[in-house]
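Nothing in this text is a laboratory measurement; each read-out follows from the coordinates by a stated rule. Predicted, not measured: the structure shown is a model, and the values here were computed from it. We place every Cβ from the backbone using ideal geometry, glycine too, and count neighbours over all the protein chains shown.
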Amino acid sequence: MSKHLSQPWRPVAMGTVAAVLAAGMTVAPAHATDTTPTPTPTSSATDTQDATRDRLESTVRAAEQELDRGLTYEDTQAAARLRTLTATARQLLTDTDTDTDRLEQADVQLRTVLDAMRGTSVQQRQFTQTLQRAQALDEHEYLPAGWAALQAALDEAGQVDVDTASATRFDTARTRLEHAIGALATAKWTFQGEQLHYDQATDSFTLTMDSDPKDQLTVTGPDGQSFTLTGPDAVFTQGADTLGVGVMERELHGTTPSGQQVTVHVAEPAGTPTTVHVDGLSTPPTAFTLTDNVWTARADAANLLGSTRGANGAVTDVTAWEGHDATLSDGTRLHATLGPVTLAQGEHGKRTWTRDITYTGRDAHGTVVRVIVTASHTYDPSAQLTLTATNGDGATTDVWSSGMRDATALPEAITLDALDNTRIGERYQLTVGGVDPTANTVRDTHVANSLGSNGERVFTVSYTVDRLNGTGTTPVARTVTVRQPFNPPAEDTTPTLAVLEGFMVNGQPLAGFKPTVTAYTITAKQGEKVTVTPVAGTGVKVVAGASRQTAYTTVQTWQVTGPDGSTRTYTVTLVREHTDKTADERFEPPTPTGQVSDKANPSETNTKLVSYGYTLNGEYHPQDATTFTIPEHGVLAWRSYAGQVVQPTGTRMHGMTWKYDLDVLAADHTTYGRTTLTVTYLTHDTHRAGLTGIKLDGTPIDGFTPDRLEYTVPVDNPDRYVLTPVFDKMTGMSVSMDKHGHDATIETVSADGLVTVTYRVHVTAKTPVDQVKDALAATGTTTSVLIWASVALAVVGLGALTATMITRRRHTTPDPTNGDGVSMRDE
């Protein structure tokens, strides 16, 4: 390593050098005038003198060499002074008579000055400063070519011996260093706050940005240098994931001051997803996906094929495709091409015409797009009439079904086989099912309820059905009347004294009463109050028994005990006409909806769906099982494969439960398949069970709340009491009650059959205090009188007062009534 690395240049005060030189100049004359005799040298003195002379000779040669380097010193007089001392010393060496002390003194003086001058040259200082500046540079800040040249200059500078180098050597090495430093090219160019990337192989700079700098195109370096990029305006490039979403791209170019090419690639995310709207579609097409290098969306237009219905509801041509423009979200309108029509035939006169309509065009960015709409028209005149019965326990059974029939051929009148008279109190409901709500071939259905003799149920079904004529349809209005009669009650001729003398209905004897006939039917108008009271002979005891209630029927039983201890049960069924429908009768399921999935169809003959479930608030909920519930406001839904046509037909099974057949026409428009689902719709009213009150002998039970399920209540006679459940019949719930002595159980079942609530009532005999409270309440006596009366019990006699109160209450108690206003009174 060169000496300049281990012995850096050190400035020496010029005053010090001058002082040393001045001292040297005063020494020489003193020796010249010394008159002291010189002793004769001895052998030892001679050796010392020779050594001193040799040392001085060496110092003189060193001084002569320093002077020969041609250096310039900070002290401009230094070289002259050194030269004077050197010449004086050389003169002393020439004089053989110079004594040792004089030689020693000259050596010391010359060496001191020489040492003080070394390293103080301007050339060495400049060289050292340039060298240190070069050594402090960071390789990563500069381009490789310039850095290599600097390293070569540093290597050369490392060969410089600072103790012997001439001024020319210093200047040459320094000049090359300065040139190499000046030739360095920075590698730290920045653009918009980002550093450019240098590629040594191409000797160029590049940068990729995700935001456009617009017109701010200046590139800057760390030393303040800058240059400007230029380039064309950005253009949109479609991405590979979402139609309408890509990047705005452009390339900017420039050249660094040192000649390197600069390329900045700008790719700024841009655009919004492009969707398509096809007029008339109930569900939007799928999102665009890149299929066979074309951005493609698909849609299912079930029953959108066909000309618009005329004023009379007729369809002129079921294969027409009219008025269904397709428009991209960027405003671009697409051109439609109609595919061929195919016809598939099903059961009960069902037919489905299908054709593909292909819309093509380019979006606002010029990208080719395609929308394939599988349009269909289904003519499906099939329907099914179903009669169901629901008893007071909420159990539902099918009474009769027409089966799937062509609705154009249903008979105008249908009388069913008579049912047993014991079923006359059940709730009957006729529904029209098996109708495809999307095909709309059978529509405007309405069922009116009325009553015939002996509680016969009469249902008048009206509807509109299309008749097919080639590829056109004509609407026809139809009416079908269905009657459900009941057998007359059987007589019980068993000898017994447990017989009634009759029933009073609103104060009038029940017509046609026979003691041996134990079952009777009463019909009433909607809202009409009916009071029924059993009439018993002497010695006959009558106790109200079990009852069953639905919205418009009440079945009440009485247990009759004769004087001989024999028993018999009498039943009165009240059936009301009604026009106001209960919640479950009013409920109409929303029209099921389907959407095409973007999953690839396994085959052209595939009839399996991707999934099924329901939508709620716009969110799809697929289901694993084919039996499930749909929450309120939910809509039956499915996901189909591209090219499939799905036709749903729904039939009410019971209550709020429907069966749906999803008929799937495969993409080949020939192969049929079916998926059957059983769903129960949940609504607030039809999922509700529970009483709103309980009456005991016509008086509401104190402290009743719907969520309190057990009660203990005092009554006048625990063996003779009337318990009446009160409930919201318009929900469609059913109520049953069973009495066993002093205990009664009331069970409510929601219209959908999913919720059951059971209440239990235990009656006890009233205490005298209870009887006093009842009497005072009946006469309007104040609380203070009640307190007095309680005290008076001990004075007037408990038994007499109690008997009086019981008698008064028996004559003033209103007729106990149940939820239908039917008084079922114990006498």
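Residue ranges 335-347, 61-73 sort as 61-73, 335-347 when ordered by packing (mean number of other C-beta atoms within 10 Å per residue, highest first).
Against the chain, whose longest principal axis comes from its Cα atoms, helix 798-812 is set at around 90 degrees.
If N is the number of residues in the stretch 641-765, what value comes out of its Cα radius of gyration divided by 2.2 N^0.38 Å? Don't skip to the end; give the middle numbers.
Numbers: Rg = 23.1 Å, N = 125, 2.2 N^0.38 = 13.8 Å.
Normalised Rg, Cα atoms only: 1.68.
Of N454, A689, Q429, which is farthest along the charge dipole of the chain in the positive direction, counting Lys and Arg as +1 and Asp and Glu as -1 at C-beta? Positive-end residue among those listed: N454. Stretched out straight at 0.36 nm per residue, the stretch from Q65 to D580 would grow longer than its current Cα-Cα span by 172.2 nm. Between 0 and 90 degrees, the angle of helix 122-135 with respect to the longest Cα principal axis of the chain falls at about 20 degrees.
In percent, what relative contact order does the stretch 190-270 have, based on Cα pairs under 8 Å that are 6 or more apart in sequence?
Details: 152 pairs, mean separation 25.3, N = 81.
Across the stretch 190-270, relative contact order equals 31 percent.
The alpha-carbon of K529 sits under 22 angstrom from the alpha-carbons of these lysines, leaving out residues fewer than 8 places away in its chain: K581, K695, K729. Restricting the calculation to alpha carbons of the chain gives Rg and Dmax of 58.4, 189 angstrom. Using C-alpha pairs under 8 Å with a sequence gap of at least 6, the mean separation divided by the residue count of the stretch 171-235 gives a relative contact order of 25 percent. Taking every pair of distinct Cα atoms and averaging 1/r, then inverting, what Kirkwood hydrodynamic radius in Å comes out for the stretch 125-182? Computed over the stretch 125-182, the radius equals 11.5 Å.
D223 to D163: FRET efficiency via 1/(1 + (r/R0)^6), r the Cβ-Cβ distance, R0 35 Å, to the nearest 0.05? Write down the numbers at each step before the final one.
Numbers: r = 36 Å, r/R0 = 1.02.
With a Förster radius of 35 Å, E is 0.45.
Under 15 Å from a label point 7 Å along Cα→Cβ of A413: give me every residue in the stretch 442-468 with its amide N that close. It comes to 452-453, 458-461, nothing else.
Axis of helix 768-779 versus longest Cα principal axis of the chain: the two differ by about 80°, to the nearest ten degrees. Computed over the Cα atoms of the stretch 380-487, the ratio of the radius of gyration to the Kirkwood radius (Rg/Rh) comes to 1.03.
Here the chain is assigned +1 on the Cβ of each Lys and Arg and -1 on the Cβ of each Asp and Glu. Its dipole about the Cα centre then comes out at about 3560 debye.
As a rough footprinting exposure proxy, the listed residues H140, H742 were ranked by other beta carbons within 10 Å of their own, and the order from fewest upward is H140, H742.
In the chain, taking the dipole from charged Cβ atoms about the Cα centre, the farthest positive-side position among F503, A642, W147 is held by F503.
I want the local charge near E141. Using Cβ-Cβ distances under 14 Å, sum +1 for each Lys or Arg and -1 for each Asp or Glu among the other residues. Each step should come with its number before you reach the end.
On the way: positive: R133, K188; negative: D138, E139, D223.
Residues close to E141 contribute a combined charge of -1.
If the chain linking R443 and A625 were pulled fully straight, counting 0.36 nm for each residue of separation and taking away their Cα-Cα distance, it would gain 62.5 nm. Once the stretch 313-437 is represented by equal point scatterers at the alpha-carbon sites, with solvent omitted, what log10 I(q)/I(0) does the Debye formula produce at q = 0.10, 0.21 Å⁻¹? Result of the Debye calculation: -0.58, -1.17. Local charge for G472 was computed over the other residues whose Cβ lies under 12 Å away, with Lys and Arg +1 and Asp and Glu -1, and equals 0. Straight-line reach from K350: which aspartates and glutamates have Cα under 20 Å away, leaving out those fewer than 8 places along the same chain? Once the sequence-local aspartates and glutamates are set aside, what remains near K350 is D300, D317, D380, D406, D436, D444, D466, D661, D663, D668.
Modelled spin-label separation between H762 and T289, with each label point placed 7 Å from Cα along the Cα-to-Cβ direction: 6.7 nm.
Taking only the C-alpha atoms, wrap a convex hull around the stretch 429-573 and report its volume per residue in Å³ as a whole number. Write down the numbers at each step before the final one.
Values: hull volume 20.8 nm³, N = 145.
Hull volume normalised by residue count: 144 Å³.
In straight-distance terms, cross-link reach from K214 covers every one of the aspartates and glutamates whose alpha-carbon lies under 19 Å from its own, apart from those fewer than eight places away in the same chain; here that gives E194, D233, E249, E251, E268.
Overall shape of the stretch 241-396 was characterised from the C-alpha gyration tensor. The equivalent ellipsoid obtained from it has semi-axes of 51, 21, 13 Å, in decreasing order. Full extension of the segment from T745 to K608, taken as 0.36 nm per residue of separation minus the current Cα-Cα distance, would add 44.4 nm. When shorter helices are ignored and each DSSP H run of at least 4 residues is given -39500 (n - 2.57), the per-residue value for the chain at 222 nm works out to -7000 deg cm²/dmol. Under the simplified labelling scheme, the T494-R467 pair shows an inter-label distance of 5.9 nm, with each label point 7 Å from Cα along Cα→Cβ.
Semi-axes of the equivalent ellipsoid for the stretch 510-589, computed as √(5λ) from the eigenvalues of its C-alpha gyration tensor and ordered from largest down, come to 32, 13, 9 Å. Distance between the 7 Å Cα→Cβ label points at Q192 and K659: 6.6 nm.
List the trypsin sites (Lys or Arg not before Pro) within the stretch 450-534 that DSSP assigns to loop and that have no more than 14 neighbouring Cβ atoms inside 10 Å. Loop-located and lightly packed - K525, K529.
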